[in-house]
Amino acid sequence: MFLTNIEEVPGKKITACYGVVSGSTVRAKHVGRDIMAGLKNIFGGELEGYTELLTEAREQAILRMQNQAEQLGANAIVNVRFSTSSVTAGASEIYIYGTAVTVE
Amino acid sequence: MWDLYFLISLIITGYIFGQIHERRHYASLKRREEKTIAMVMTSSKRPLGELDPVTEVRLVQGGVVISVDYFKRIVTSLRNFFGGNIRGYETLVDRARREAILRLKESCPDATQIVNLRLETSSIYKGKGNQIGSVEVLAYATAIYT
């Protein structure tokens, strides 16, 4: 499956369009990571635990979006957009959306 | 009284470690940016020039979560009273953005061109006693291989 965040797939031609597909996930961090993050908040620096968590969450959301596109019979998703929001304290929501198309 | 000592020691350790960390991070950013400077990257939607034939197209991303140290947080709360530039947070977001872009570039070292770079910033510590101590930056783009 081709994924791009531009309006086309370079080198290919779009032959069919199936509308918007999306994937989302809400993740909370576990206590161990939270304690580490608390320490890092004193010393400063990268919060590796959170970076990892958000990367995993994003992969999962992309997978969900891809599954949806596959069910529609698409073989590419163009114009993919990411958005992150914090819904409650200590959890963040990842939402990914794009347009499912068939390319040749 | 002990509370005050504790607070002061937190501020001092925050200052020392924060400074060391920031200096190291800037050094590493500079070194890695020099290494990847030859890669063509654009924020426009169309590739620069003609790219023929395209063999592979991929969505690439790089993300990072960086936290500010305790000293800067205290200084910032004072700044909020007087107004003005908050240098501590300026360097925080600057480092986060550059790191995210570098990670994106490092995830596709063989790409011919990286188009439509988008950056997104969010704070993930919001809501926790209303202290925004860390920032998350995500960079994403389309990598084109020829």
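Here are a few things to note about the model shown:
- Note on region A:46-77: among residues that are among the charged types (D, E, K, R) and farther than 15 Å from residue A:26 by Cα, the one that is nearest to the other protein chains (Cβ to nearest Cβ) is A:46.
- For region B:74-91, the condition of being touching a Leu at 6+ places or on another chain (Cβ under 7 Å), within 14 Å of chain A (Cβ to nearest Cβ), modelled with pLDDT under 90 and surrounded by 13 or more Cβ atoms within 10 Å (Cβ to Cβ) holds for none of the residues.
- Reported count of residues in region B:58-71, each being over 17 Å from the mean Cα position of the chain (by Cα) and either among the acidic types (Asp, Glu) or at the interface with chain A (Cβ under 8 Å from one of its Cβ atoms) (or both), is 3.
- When A:80, A:87, A:21 are checked against the criterion of being within 11 Å of another protein chain (Cβ to nearest Cβ), in contact with a Ser or Thr (Cβ under 8 Å, 6 or more places away or on another chain) and in contact (Cβ under 8 Å) with a residue 24 or more places away in the chain, a single residue qualifies: A:80.
- Taken as a whole, the condition of being at pLDDT 90 or above, more than 9 Å from every other protein chain (Cβ to nearest Cβ) and within 30 Å of residue B:91 (Cα to Cα) applies to residue A:96.
- Cβ-Cβ under 8 Å pairs, at least 6 apart or on other chains, region B:34-54 side away from chain A (no Cβ under 14 Å), far side charged (D, E, K, R): B:36/B:105; B:36/B:106; B:39/B:105
- Among the residues of region A:52-76, those identified as among the aliphatic types (A, V, I, L, M) and more than 13 Å from the chain's Cα centre (by Cα) are A:69, A:72, A:74, A:76.
- Checked against (1) surrounded by 22 or more Cβ atoms within 10 Å (Cβ to Cβ); (2) within 13 Å of chain A (Cβ to nearest Cβ), residue B:105 passes all but a single condition, namely (2).
- Of all residues in region B:1-49 being aliphatic (A, V, I, L, M) and under 15 Å from the mean Cα position of the chain (by Cα), the one that is nearest to residue B:94 (Cα to Cα): B:29
- Considered as a group, the residues in region A:21-64 that are assigned to a strand (DSSP E or B) and hydrophobic (A, V, I, L, M, F, W, C) include one that is modelled with the highest pLDDT, and that residue is A:21.
The values are calculated or read from the model by the stated rules, or taken from the named source; none is laboratory data. Model, not experiment: these values are computed from the prediction. All Cβ positions, even for glycine, are placed from backbone atoms using ideal geometry, and neighbour counts span all protein chains on display.
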